[in-house]
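Novice: Attaching a single structure in C-alpha coordinates format; questions to follow.
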Amino acid sequence: MQKTPKLKYFATLNVAVGLPQEIGVSLHGERRVIPILGGTAQGEGWKGNILNGGADYQLILTPRMAHLDAHYVIELESELESELDNGERIYIHNKAIRVASAEVTKKLKISKAVDPELIYFRCHPTFETSSSAMQWITERVFVGTGVRRPDSVELQFFEIL
(Lines give C-alpha, C1' and ligand atoms only; values in the text may rest on other atoms or scores of the structure.)
Protein backbone atom coordinates (compact mmCIF):
# COMPACT_ATOMS: atom_id res chain seq x y z
CA MET A 1 0.00 0.00 0.00
CA GLN A 2 1.31 3.42 -0.91
CA LYS A 3 1.67 6.20 1.62
CA THR A 4 -0.81 9.05 1.68
CA PRO A 5 0.87 12.16 0.22
CA LYS A 6 1.87 14.88 2.65
CA LEU A 7 2.27 18.61 2.07
CA LYS A 8 5.46 20.60 2.69
CA TYR A 9 5.34 24.40 2.78
CA PHE A 10 7.15 25.96 -0.19
CA ALA A 11 6.33 29.68 -0.47
CA THR A 12 4.03 32.61 0.23
CA LEU A 13 3.30 35.08 -2.54
CA ASN A 14 1.61 38.46 -2.30
CA VAL A 15 0.61 39.43 -5.84
CA ALA A 16 -0.47 43.01 -6.59
CA VAL A 17 -3.22 43.16 -9.21
CA GLY A 18 -4.71 45.95 -11.33
CA LEU A 19 -8.23 46.70 -12.42
CA PRO A 20 -9.92 43.93 -14.42
CA GLN A 21 -10.14 44.19 -18.17
CA GLU A 22 -13.70 43.05 -18.82
CA ILE A 23 -14.15 41.10 -22.05
CA GLY A 24 -17.76 40.15 -21.36
CA VAL A 25 -19.81 36.99 -21.77
CA SER A 26 -18.43 34.82 -24.55
CA LEU A 27 -18.94 31.30 -25.81
CA HIS A 28 -17.40 29.72 -22.69
CA GLY A 29 -18.48 32.15 -19.95
CA GLU A 30 -17.64 35.61 -18.69
CA ARG A 31 -14.06 36.43 -19.65
CA ARG A 32 -11.81 38.85 -17.72
CA VAL A 33 -8.09 39.64 -17.68
CA ILE A 34 -6.53 40.84 -14.42
CA PRO A 35 -3.12 42.55 -14.84
CA ILE A 36 -0.38 41.46 -12.43
CA LEU A 37 1.50 44.57 -11.31
CA GLY A 38 4.19 43.09 -9.06
CA GLY A 39 4.51 41.69 -5.57
CA THR A 40 6.73 39.59 -3.35
CA ALA A 41 7.57 35.93 -2.89
CA GLN A 42 9.16 34.33 0.18
CA GLY A 43 10.16 30.71 0.73
CA GLU A 44 12.51 28.92 3.08
CA GLY A 45 15.98 30.16 2.18
CA TRP A 46 14.91 32.31 -0.75
CA LYS A 47 12.91 35.40 -1.67
CA GLY A 48 12.08 37.37 -4.76
CA ASN A 49 9.94 39.97 -6.45
CA ILE A 50 7.02 39.30 -8.76
CA LEU A 51 7.59 41.26 -11.95
CA ASN A 52 5.06 43.57 -13.56
CA GLY A 53 3.61 42.19 -16.77
CA GLY A 54 1.87 38.96 -15.88
CA ALA A 55 -1.87 38.42 -15.97
CA ASP A 56 -4.64 36.26 -14.57
CA TYR A 57 -6.98 35.11 -17.33
CA GLN A 58 -10.31 34.50 -15.61
CA LEU A 59 -13.34 32.65 -16.89
CA ILE A 60 -16.44 32.99 -14.73
CA LEU A 61 -18.39 29.86 -15.57
CA THR A 62 -21.39 30.25 -13.27
CA PRO A 63 -22.54 32.83 -10.71
CA ARG A 64 -20.56 30.74 -8.17
CA MET A 65 -17.48 29.39 -9.93
CA ALA A 66 -14.47 30.82 -11.77
CA HIS A 67 -11.47 29.19 -13.41
CA LEU A 68 -8.28 31.23 -13.05
CA ASP A 69 -5.23 30.87 -15.29
CA ALA A 70 -2.38 33.12 -14.13
CA HIS A 71 1.05 33.57 -15.75
CA TYR A 72 3.80 35.58 -14.05
CA VAL A 73 7.51 35.74 -13.23
CA ILE A 74 9.46 35.89 -9.97
CA GLU A 75 12.92 37.46 -10.02
CA LEU A 76 14.99 35.90 -7.25
CA GLU A 77 17.11 37.81 -4.76
CA SER A 78 20.12 36.02 -3.35
CA GLU A 79 20.68 35.92 0.38
CA LEU A 80 24.02 35.52 2.15
CA GLU A 81 25.40 31.99 1.78
CA SER A 82 22.72 31.19 -0.80
CA GLU A 83 23.30 29.28 -4.01
CA LEU A 84 20.98 31.70 -5.81
CA ASP A 85 22.20 34.43 -8.11
CA ASN A 86 20.45 37.79 -8.18
CA GLY A 87 18.24 38.09 -11.21
CA GLU A 88 17.49 34.40 -11.75
CA ARG A 89 13.87 33.98 -12.68
CA ILE A 90 11.02 31.53 -12.18
CA TYR A 91 8.12 31.44 -14.62
CA ILE A 92 4.87 30.38 -12.94
CA HIS A 93 1.74 29.05 -14.60
CA ASN A 94 -0.88 28.82 -11.89
CA LYS A 95 -4.30 27.30 -12.58
CA ALA A 96 -6.99 27.69 -9.93
CA ILE A 97 -10.63 27.23 -9.11
CA ARG A 98 -12.51 29.79 -7.03
CA VAL A 99 -15.99 29.03 -5.72
CA ALA A 100 -18.22 31.23 -3.56
CA SER A 101 -21.86 32.15 -3.29
CA ALA A 102 -23.27 34.31 -6.08
CA GLU A 103 -23.37 37.29 -3.69
CA VAL A 104 -19.71 36.89 -2.68
CA THR A 105 -18.69 36.40 -6.31
CA LYS A 106 -20.38 39.69 -7.23
CA LYS A 107 -18.36 41.46 -4.51
CA LEU A 108 -15.11 39.87 -5.72
CA LYS A 109 -15.80 41.06 -9.27
CA ILE A 110 -15.95 44.69 -8.11
CA SER A 111 -12.89 44.33 -5.82
CA LYS A 112 -14.79 44.50 -2.53
CA ALA A 113 -13.24 42.92 0.55
CA VAL A 114 -14.85 39.62 1.56
CA ASP A 115 -14.21 37.10 4.32
CA PRO A 116 -11.74 34.51 2.90
CA GLU A 117 -13.61 31.79 4.80
CA LEU A 118 -16.51 32.25 2.37
CA ILE A 119 -14.39 31.31 -0.65
CA TYR A 120 -12.95 28.00 -1.84
CA PHE A 121 -9.74 29.02 -3.67
CA ARG A 122 -7.31 26.23 -4.59
CA CYS A 123 -4.56 26.21 -7.17
CA HIS A 124 -1.99 24.08 -8.96
CA PRO A 125 1.19 26.03 -9.84
CA THR A 126 3.85 24.72 -12.23
CA PHE A 127 7.29 26.23 -12.59
CA GLU A 128 10.02 26.74 -15.19
CA THR A 129 13.48 28.09 -14.36
CA SER A 130 17.08 28.03 -15.52
CA SER A 131 18.28 28.44 -11.91
CA SER A 132 20.36 25.40 -10.97
CA ALA A 133 19.56 25.94 -7.27
CA MET A 134 15.80 25.97 -7.94
CA GLN A 135 15.68 23.38 -10.73
CA TRP A 136 14.14 20.83 -8.36
CA ILE A 137 10.81 22.75 -8.37
CA THR A 138 10.33 21.81 -12.03
CA GLU A 139 10.40 18.16 -10.97
CA ARG A 140 7.72 18.27 -8.28
CA VAL A 141 3.95 18.69 -7.97
CA PHE A 142 2.60 21.64 -5.99
CA VAL A 143 -0.81 22.75 -4.74
CA GLY A 144 -1.85 25.94 -3.07
CA THR A 145 -4.47 28.09 -1.44
CA GLY A 146 -5.43 31.65 -2.24
CA VAL A 147 -7.07 34.68 -0.68
CA ARG A 148 -8.41 37.48 -2.89
CA ARG A 149 -8.00 40.98 -1.47
CA PRO A 150 -9.30 44.17 -3.16
CA ASP A 151 -5.91 44.93 -4.79
CA SER A 152 -3.91 41.73 -4.29
CA VAL A 153 -3.95 37.96 -4.10
CA GLU A 154 -2.21 36.08 -1.29
CA LEU A 155 -1.05 32.58 -2.20
CA GLN A 156 0.56 29.77 -0.27
CA PHE A 157 2.20 26.94 -2.21
CA PHE A 158 2.93 23.45 -0.90
CA GLU A 159 5.02 20.65 -2.37
CA ILE A 160 3.25 17.29 -2.46
CA LEU A 161 5.61 14.72 -0.92
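Novice: Would you please list the contacts, defined by Cβ atoms under 8 Å and residues six or more apart or on different chains, that run from a residue in region 133-161 that is in contact (Cβ under 8 Å) with a residue 40 or more places away in the chain and within 18 Å of Glu75 (Cβ to Cβ) to a residue that is polar (S, T, N, Q) and open to solvent by less than 60 Å² (accessible area, probe 1.4 Å)?
Specialist: Qualifying pairs under 8 Å: Ala133/Ser82; Ile137/Thr129; Leu155/Thr12; Leu155/Asn94; Leu155/Thr145; Phe157/Thr12.
Novice: Testing Asp85 on (1) modelled with pLDDT of 95 or more; (2) open to solvent by 30 Å² or more (accessible area, probe 1.4 Å); (3) touching a strand residue (DSSP E or B) at 6+ places or on another chain (Cβ under 8 Å); (4) over 22 Å from Leu19 (Cβ atoms), one condition comes back false. Which one is that?
Specialist: Failed condition: (1).
Novice: Also: Is one or more of the residues making up region 57-70 closer than 26 Å to Ser132 by Cα and of a type outside the set (D, E, K, R)?
Specialist: Yes, region 57-70 contains at least one residue that is closer than 26 Å to Ser132 by Cα and of a type outside the set (D, E, K, R).
Novice: Can I ask one more? Return yes or no: is Leu19 open to solvent by 50 Å² or more (accessible area, probe 1.4 Å) and in contact with a strand residue (DSSP E or B) (Cβ under 8 Å, 6 or more places away or on another chain)?
Specialist: The answer is yes for Leu19.
Novice: Right, something else. Could you look through region 108-134, keep only residues that are modelled with pLDDT of 95 or more, farther than 23 Å from Thr62 by Cβ and open to solvent by less than 80 Å² (accessible area, probe 1.4 Å), and pick out the one that is nearest to the chain's Cα centre (by Cα)?
Specialist: The extreme case among them is Pro125.
Novice: Let me ask something additional. Restrict the check to region 94-103 and report whether at least one residue is touching an Asp or Glu at 6+ places or on another chain (Cβ under 7 Å) and open to solvent by 80 Å² or more (accessible area, probe 1.4 Å).
Specialist: If we filter region 94-103 for residues that are touching an Asp or Glu at 6+ places or on another chain (Cβ under 7 Å), which is where we start, we get 95.
Going one step further and asking which of them are open to solvent by 80 Å² or more (accessible area, probe 1.4 Å), we end up with 95.
The answer is yes; a qualifying residue exists.
Novice: Can you pull out the residues in region 23-53 that are surrounded by 11 or more Cβ atoms within 10 Å (Cβ to Cβ) and acidic (Asp, Glu)?
Specialist: Glu30
Novice: What are the residue pairs meeting all of these: first residue in region 3-29, first residue of a type in the set (D, E, K, R), second residue in a strand (DSSP E or B), Cβ atoms under 9 Å, and 6 or more apart or on different chains?
Specialist: Filtered contacts from region 3-29: Lys6/Ile160; Lys8/Phe158; Lys8/Glu159; Lys8/Ile160; Glu22/Glu30; Glu22/Arg31; Glu22/Arg32; Glu22/Val33.
Novice: If you don't mind, another one. Would you call Ile90 β-branched (Val, Ile, Thr), touching a helix residue (DSSP H, G or I) at 6+ places or on another chain (Cβ under 9 Å) and more than 18 Å from Arg148 (Cα to Cα)?
Specialist: Considered against the rule, which asks whether it is β-branched (Val, Ile, Thr), touching a helix residue (DSSP H, G or I) at 6+ places or on another chain (Cβ under 9 Å) and more than 18 Å from Arg148 (Cα to Cα), Ile90 comes out as yes.
Novice: Being touching a Leu at 6+ places or on another chain (Cβ under 8 Å) and within 18 Å of Leu161 (Cβ to Cβ) is the filter here; which residues of region 126-149 pass it?
Specialist: Met134, Val143, Gly144, Thr145
The values are calculated or read from the model by the stated rules, or taken from the named source; none is laboratory data. In this text, all values refer to a predicted model and were calculated from it rather than measured experimentally. No Cβ is skipped: glycine too gets one built from the backbone with ideal geometry, and neighbour counts run over all protein chains shown. Calculation scope for accessible area: heavy atoms of the full protein, side chains included, ligands and nucleic acids excluded. Shrake-Rupley method; radii C 1.70, N 1.55, O 1.52, S 1.80 Å.
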